[in-house]
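Asker: First, the structure itself, so that you have it in front of you.
The values are calculated or read from the model by the stated rules, or taken from the named source; none is laboratory data. All values reported here derive from a predicted model rather than from experimental measurement. Backbone-built Cβ (ideal geometry, glycine too); neighbour counts: all protein chains shown.
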Amino acid sequence: MPNNLSGHRKMDWARPHMKVLNALREEYLPAQPFQGIRLSMCIHLEAKTACLCEVLRDLGADLAITSSNPLSTQPDVAEALQERGIAVYAEKTLDEDTYWKNMDAVLAIDPHILIDDGADLGIRLMEQKPEKFSRLLGICEETTTGLQRYRALDREGLMPIPVIAVNDSRMKYLFDNRYGTGQSTWDGIIRSTNVSISGKTVVVAGYGWCGKGIALRAKAYGAKVIITEIDPVKACEAEMDGFSSMTMTQAAPLGDIFVTATGNIDVITKTHFPLMKDGAILANAGHFDVEVKVADLKTISVSSREMKPGIEGFKLENGKELFLLAYGRLVNLVNGDGHPIEIMDLSFSIQLEAARYLFQEKGKLSGGVSSVPSSIDEKIARLKLYSDQVSVDELNETQHSYLNSWKL
């Protein structure tokens, strides 16, 4: 009998729903493509991630994993994964020293490849042991935020190894960022608050793929949706999609629920908090806890209290009380279970293929950020369709020639 039954049950529930990942496991199992490869992983540690770890282990990898967010580890899953023979260094804690200690522990295996989510793992290795960083075969990066950081390093000439932009894969961002973040953000908000979304005014900061998904789900729940943006093209797109677009200062007095999804700092600050309604709810769906400026909220508050796990109330001098979810961190993981299983099935299948690609092409890829090959995108898409018993048409020779000719 396993020690942590709940963690094992979570994994056992997720596994059969990850049909694409299971198909890749069956395809590659005889060849053991990761035999002799050491993988260090830094991804939110919950049941879907644990299933990815098992598949990589079954395909020959020697791996160690930590979590990419101090509060996104599910302790029962972490313990269950350890019981299944995976090296796990992850705790659910806000202690920064513990977070970085665990990061160092997974890097201690002297990895060939990093699977990263937010770039903390890669940048940690680069800063602490640059000679080991330069010897990596490469990094597979999961997120928009992580790629922003790696591209900044690349621009400064500090990226001697290849980084595969998993987030930019169509089979990742079109589904994970839009449908995954859209659903899981509201799962986290609703699960922790138990309030109605219908009839409320929701302010979504940022109208990238994540913001689009959040806004789409809010609209489906019956909310009135306001978008704040810095990109005039995206603001136009939001208007065309039926949403109102305005500045955060204009939106602050109107919103009942605020959700940030920009990847930037200081999106909601002390300028905005006093303007908000009494009882306004603040949530962050961006990778780091910097979008809702929690330090400002604490500074201008006269008192604070924990309402329930994952909800803090802050009383302002003007008498209003604002409610912060998930301590300003990822609301979908701190207050929920993260993205739906089938969505992460696609993202983690891309991660597996990207890591395999790095090993196959070792010594051939130049340093810097590069795209996932389109052949991988197409393969994952076809496996997904096949698992759902869906077929697509194919071009015949005449159609193919027509599309590749300048003649009509």
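Asker: Yes or no: segment 1-11 includes at least one residue that is of a type in the set (A, V, I, L, M), in a loop (DSSP other than H, G, I, E, B) and at pLDDT 95 or above.
Answerer: The answer is no; no qualifying residue exists.
Asker: Which residues, taken from segment 28-49, are aliphatic (A, V, I, L, M) and either crowded, with 24+ Cβ neighbours inside 10 Å or closer than 14 Å to Ile86 by Cβ (or both)?
Answerer: Once the filter is applied, which keeps residues that are aliphatic (A, V, I, L, M) and either crowded, with 24+ Cβ neighbours inside 10 Å or closer than 14 Å to Ile86 by Cβ (or both), segment 28-49 yields Leu39, Met41, Ile43, Leu45, Ala47.
Asker: List the pairs whose first member sits in segment 222-246 and is among the aromatic types (Phe, Trp, Tyr), whose second member is in a strand (DSSP E or B), and whose Cβ atoms are under 6 Å apart, counting only residues at least 6 apart or on separate chains?
Answerer: Cβ pairs passing all conditions: Phe243/Val225; Phe243/Ile227.
Asker: Quick one: count up the residues across segment 387-404 that are among the small types (Gly, Ala, Ser) and assigned to a loop (DSSP other than H, G, I, E, B).
Answerer: Matching residues across segment 387-404 total 1.
Asker: Okay, moving on. So which strands (runs of 3 or more DSSP E) stay within segment 248-315 end to end and still have 2 or more residues that are buried (at least 19 other Cβ atoms within 10 Å of the Cβ)?
Answerer: Counting at least 2 such residues, we get 257-260, 281-284.
Asker: Something else about it: Among the residues of segment 207-221, which ones are under 16 Å from Ile189 (Cβ atoms) and not in a helix (DSSP H, G or I)?
Answerer: Passing the criteria: only Tyr221.
Asker: Another question, then. Is it the case that some residue within segment 17-39 is in a strand (DSSP E or B), within 25 Å of Asp289 (Cβ to Cβ) and assigned by TED's automatic domain parsing to the domain that holds Gln360?
Answerer: No, segment 17-39 has no match at all.
Asker: Same structure, new question: Just one of (1) assigned to a helix (DSSP H, G or I); (2) not assigned by TED's automatic domain parsing to the domain that holds Asp58 trips up Leu358, so point out which.
Answerer: (2)
Asker: Right, another one. Which residues, counting only those in segment 321-337, are outside any strand (DSSP E or B) and touching a Lys or Arg at 6+ places or on another chain (Cβ under 7 Å)?
Answerer: Asn335, Gly336
Asker: Return the total of residues in segment 154-182 being hydrophobic (A, V, I, L, M, F, W, C), part of a helix (DSSP H, G or I) and buried (at least 19 other Cβ atoms within 10 Å of the Cβ).
Answerer: Qualifying residue count, segment 154-182: 3.
Asker: Restrict the check to segment 77-98 and report whether at least one residue is in a helix (DSSP H, G or I), among the hydroxyl-bearing types (Ser, Thr, Tyr) and more than 23 Å from Leu158 (Cβ to Cβ).
Answerer: Within segment 77-98 (the criterion being in a helix (DSSP H, G or I), among the hydroxyl-bearing types (Ser, Thr, Tyr) and more than 23 Å from Leu158 (Cβ to Cβ)), the answer is yes, since at least one residue qualifies.
Asker: Could we say that Thr185 is assigned to a helix (DSSP H, G or I), modelled with pLDDT of 95 or more and of a type in the set (Val, Ile, Thr) here?
Answerer: Answer is yes for this residue.
Asker: Sort out which residues of segment 360-400 are in contact (Cβ under 8 Å) with a residue 60 or more places away in the chain, of a type in the set (S, T, N, Q) and over 28 Å from Ser134 (Cα atoms), and write them in order of number.
Answerer: If the condition is that a residue be in contact (Cβ under 8 Å) with a residue 60 or more places away in the chain, of a type in the set (S, T, N, Q) and over 28 Å from Ser134 (Cα atoms), then Ser387 is the only one that fits.
Asker: Quick one: Glu83 ticks every box in (1) under 28 Å from Tyr357 (Cβ atoms); (2) surrounded by fewer than 18 Cβ atoms within 10 Å (Cβ to Cβ) except a single one, so which number is it?
Answerer: (1)
Asker: Would you check if Lys270 is more than 25 Å from Ser68 (Cα to Cα), touching a strand residue (DSSP E or B) at 6+ places or on another chain (Cβ under 6 Å), at pLDDT 95 or above and basic (Lys, Arg)?
Answerer: It is false that Lys270 is more than 25 Å from Ser68 (Cα to Cα), touching a strand residue (DSSP E or B) at 6+ places or on another chain (Cβ under 6 Å), at pLDDT 95 or above and basic (Lys, Arg).
Asker: Across segment 100-146, what is the total count of residues that are under 23 Å from Gly208 (Cβ atoms) and of a type in the set (S, T, N, Q)?
Answerer: Within segment 100-146, residues that are under 23 Å from Gly208 (Cβ atoms) and of a type in the set (S, T, N, Q) number 3.
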